[in-house]
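Here the structure comes first, spelled out in structure tokens, and everything after it is commentary.
The values are calculated or read from the model by the stated rules, or taken from the named source; none is laboratory data. Owing to the predicted nature of the structure, the values given are computational and were not obtained by experimental measurement. Here the Cβ positions follow ideal geometry from the backbone for every residue, glycine too, while neighbour counts run over all protein chains shown. Just the protein is used for accessible areas: all its heavy atoms, side chains included, with ligands, DNA and RNA removed. Shrake-Rupley method; radii C 1.70, N 1.55, O 1.52, S 1.80 Å.
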Amino acid sequence: MDNRTHATNAVAGETATVAGWVHEIRDLGGIAFLILRDRTGKLQIKFEKDEMDDGLVETGLGVHRESVVAVTGAVEEEPRAPTGLELVPDSVEVLADADPELPLDPSGKVDAELPTRLDNRTLDLRKPEIKAIFEIRSEILRSVREYFRSVGSTEINTPKIVATGTEGGTELFPITYFGQEAFMNQSPQLFKQLMVGSGLERVFEIGPIFRAEEHNTPRHLNEATMIDFESAFVDHHEAMDVCEGTLKAAYEGVAENCTEELDLLGYDGFATPEGDFPRLTYEEAIERINATGELDEQLVWGDDLPTEAEKALGADVGGHYFITDWPSEIKPFYIQDYDDDPQLSKGFDLMHPQMELVSGGQREHRYDELVAGFEQQGLDPEQFDYYTRMFKYGMPPHAGWAYGVERLVMTMLGLGNIREAVLFPRDRQRLSP
Ligand code: ATP
Ligand code: MG
């Protein structure tokens, strides 16, 4: 299919055809170099002007930066070349010429602002350190999938065009569906719950979610990729175990399989989370936050945690941790409350020291309690009949959670903006490309 030799696989003494982009041309007078770049790295192509065919020299050195070329010739050892090898060309074929005016410099010598980079993502991802982020993202997804399969979870795909929202009426993108109002799905929550009551029992999904968040923040997107998990016959603590397992699997996969990418990103020792993640109750969390003295106003029971509170607690804990036993009022209707204390829910969040990564919980699987929960949150249970009805036909106790892939990439690599972790971000300003 692609029988060229990659830049870093060239072997001295062999004839090879390499193909890639013209990274740079260095003309030293009698001798000149074309630096060819492909996805593995770079290779020096040497032109000795007096000893070579004029046409060949003209083609090889006349080509604009970032053009795509295929070069065939002998690979030779050259200690002065960056890779210790160089190729002496017999032929140079220009496969695609590049405009000399580039909107972005892939060699990285000229810095570009994020909007320019996002407008020209193709060129942006020619930079090895940007490409590395997406190689790592791919490895995270691979490791997480493998972990899910190891715990007997089945990958599912659920609709993204839906009739109702799951997190209330806000933050929904309406669309027209053959003349009828419909929405882009905010979360696969209800569908994955329907599947734990099916013969599948334990499921996961990796797919897009859409949220019409009005605000523009460094950690919110309007389209994100969510990793969702849901399992029958587990409680919220067992769901947290799986959550912790996937997260560690992702870090370990990256540590093991992305050493070059981590080098490119400047890591000197990449730390994978060790030990069990602490599980603080919400009550302990607010006490600890108040004790840090970082907040202007003390938190009281029932408050949601503002960003400064999450950061203060994150600095105090110093690693990933769970917050459990949230007030029922600030968790959605589908989360189960403690029977002996209905003010308290079995919802949990997994926190990275910088921000929330995951929300989950034990779900309400009892029909009457579920319908009552809808009413308490001001939602019309009739609208959710397709969902609640299945709770009448044998819905097992179950629990689950969800996290955003981009938040995971962002926190793992310490990226300052979530947009760095997605190829083509959707936000208030950006609908194209
Ligand atoms: P936050 O409070 O940080 O806005 P949330 O509590 O509204 O998040 P959930 O509904 O709990 O989000 O979604 C589960 C997870 O999905 C979050 O913990 C986060 O990792 C991710 N997520 C949610 N909304 C977004 C978004 N707009 N952009 C990127 N990731 C998101
Ligand atoms: Mg949440």
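Quick notes on this one:
- Remark: Thr307 matches the filter, which requires a residue to be open to solvent by 40 Å² or more (accessible area, probe 1.4 Å), within 15 Å of ligand 2 (Cβ to nearest atom) and closer than 19 Å to Ile286 by Cα.
- Residue match in the stretch 103-113 (condition: in contact with a strand residue (DSSP E or B) (Cβ under 7 Å, 6 or more places away or on another chain), buried (at least 18 other Cβ atoms within 10 Å of the Cβ) and in contact (Cβ under 8 Å) with a residue 40 or more places away in the chain): no
- Selection of strands (runs of 3 or more DSSP E) fully inside the stretch 331-382 by the criterion of at least 1 residues being in the same structural domain as Gly400 (by TED's automatic domain parsing), away from ligand 2 (no atom under 15 Å from the Cβ) and surrounded by fewer than 19 Cβ atoms within 10 Å (Cβ to Cβ) returns 341-345.
- When Asp325 is tested against (1) surrounded by 19 or more Cβ atoms within 10 Å (Cβ to Cβ); (2) within 25 Å of Arg142 (Cα to Cα); (3) within 16 Å of ligand 2 (Cβ to nearest atom), only condition (2) is not met.
- Looking at Ala271, Ala255, Ala309, Ala250, just one residue is within 16 Å of ligand 1 (Cβ to nearest atom) and assigned by TED's automatic domain parsing to the domain that holds Ser187, and that residue is Ala250.
- Near pairs, Cβ below 9 angstrom, 6+ apart or cross-chain, from the stretch 336-358 (within 19 Å of Leu305 (Cα to Cα)) to any residue that is near ligand 2 (Cβ under 10 Å from one of its atoms) and of a type in the set (Lys, Arg): Ser345/Lys331; Lys346/Lys331; Gly347/Lys331
- Selection count where residues are assigned to a helix (DSSP H, G or I) and of a type outside the set (D, E, K, R), scope the stretch 404-433: 9
- Residue tally, condition of a type in the set (Ser, Thr, Tyr) and near ligand 1 (Cβ under 8 Å from one of its atoms), over the stretch 404-416: 0
- Residue in the stretch 391-403 that is assigned to a strand (DSSP E or B), open to solvent by 20 Å² or more (accessible area, probe 1.4 Å), away from ligand 1 (no atom under 11 Å from the Cβ) and modelled with pLDDT of 95 or more present: no
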